[in-house]
Amino acid sequence: MAPPPELDDLVEFLWVDARPHSASRSANWRIVPDDASHVIYARFRDRTGRGDGHRLHIVGARRTYEDIDCSQRLFTAGARLKPGAVPALFRVSARELTDHSTPAESLVGPAARAALASLEDDSSTNAAKQIAVFVDALRRQGRRLDDRAGWFSGTNRRLPNTIRDVATLAGVTERALHAWAMTHIGMGVKRFASIRRLHSALSTRLTDRSATWSRIAALSGYADQPHLVRECRALLGESPGDFVARSG
């Protein structure tokens with residue numbers, strides 16, 4: 001879902017997953033490497049049997065894949081944040097959250113408690129809207145978004161071939177670019193570009209099953225198909241064909 005207009009510079013989209021995950025086929029998620037951070041709310045079955053539980057977490061950018069158990073989840077909703085949103089909203093470096101899931105309350109206590117209270121009896125239908133309200137409250141109290149962050153926000157942006165070229169376009173030194181990326185994205189520009197390239201390749205195949213991997217590799221900026229396969233195995237733990245096959 002598109003975010004409210006006032007959040008357009010901070011949020012790429014809102015989403016809800018209300019699919020049941022009790023069956024063995026869907027109980028495990030493979031979380032793909034992702035340059036974006038997320039605000040994620042999950043409602044789950046309390047193992048104690050005393051009712052449902054819920055939590056609101058800030059999930060940082062992820063440099064590689066991870067398999068997680070979703071068998072107890074009833075539904076999940078979230079907001080995918082754009083580059084630069086973490087320091088603007090939470091006043092911490094994005095690097096501090098990379099590869100971690102952090103309770104929102106530990107970053108923005110009162111705002112997180114208010115958000116959880118509003119979500120406690122809510123359905124999956126309205127959960128994403130309540131997350132948008134939470135992000136908007138942080139926006140009003142947060143910092144100004146860094147001007148350079150918008151340049152990195154294009155979903156399928158293909159970056160120049162070398163870090164030096166990116167630094168030249170950004171008007172900074174390579175060292176300054178790396179420091180900026182770690183603070184505002186949570187990873188270096190090279191890893192950021194690799195992840196965006198992989199997302200582009202996999203999305204192309206998922207939307208067009210007739211596209212050959214060699215053509216997808218060329219369109220996505222890989223040197224050739226073996227380059228795509230190597231990078232996919234390194235980032236995602238399996239070949240692109242195996243990943244797409246598991247998607248059904």
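Laboratory data are not the source of any read-out in this text; all were calculated from the coordinates shown. Keep in mind it's a predicted model, so treat the numbers as computed, not measured. All Cβ positions, even for glycine, are placed from backbone atoms using ideal geometry, and neighbour counts span all protein chains on display.
Side notes on the structure shown:
- Considering only LEU74, GLY109, THR162, and ranking their Cα positions along the charge dipole of the chain that arises from unit charges at the beta-carbon of Lys, Arg, Asp and Glu, the one farthest toward the positive end is THR162.
- Cα shape, the range 29-121, gyration tensor, a/c 1.5 rule: oblate
- Calculated mean residue ellipticity, 222 nm, the chain: -12500 deg cm²/dmol, from DSSP H runs (n ≥ 4) at -39500 (n - 2.57) each, averaged per residue and rounded to 500.
- Cα shape, the range 172-221, gyration tensor, a/c 1.5 rule: prolate
- Under the convention that each Lys and Arg Cβ holds +1 and each Asp and Glu Cβ holds -1, the size of the dipole of the range 53-187 around its Cα centre is about 520 debye.
- Taken about its Cα centre, the range 156-246 carries a charge dipole of roughly 80 debye when the Cβ of each Lys and Arg holds +1 and the Cβ of each Asp and Glu holds -1.
- Residues whose amide H comes within less than 5 Å of that of PHE75, counting only those at least five positions distant or on another chain, are ARG43 (H built at 1.01 Å from N in the peptide plane).
- Take the Cβ atoms of SER106 and MET1, set R0 to 22 Å, and the FRET efficiency comes out at 0.20.
- For the range 119-241: rounded, prolate or oblate by the Cα gyration tensor [a/c cutoff 1.5]: oblate
- Assuming charge only on the beta carbon of Lys and Arg (+1) and of Asp and Glu (-1), the dipole of the chain about its Cα centre is about 360 debye to the nearest 20.
- Cα convex hull, the chain: 129 Å³ per residue, rounded to a whole number.
- Hypothetical label at ARG91: residues of the range 105-125 whose amide nitrogen lies under 13 Å (7 Å Cα-Cβ projection): 107-111
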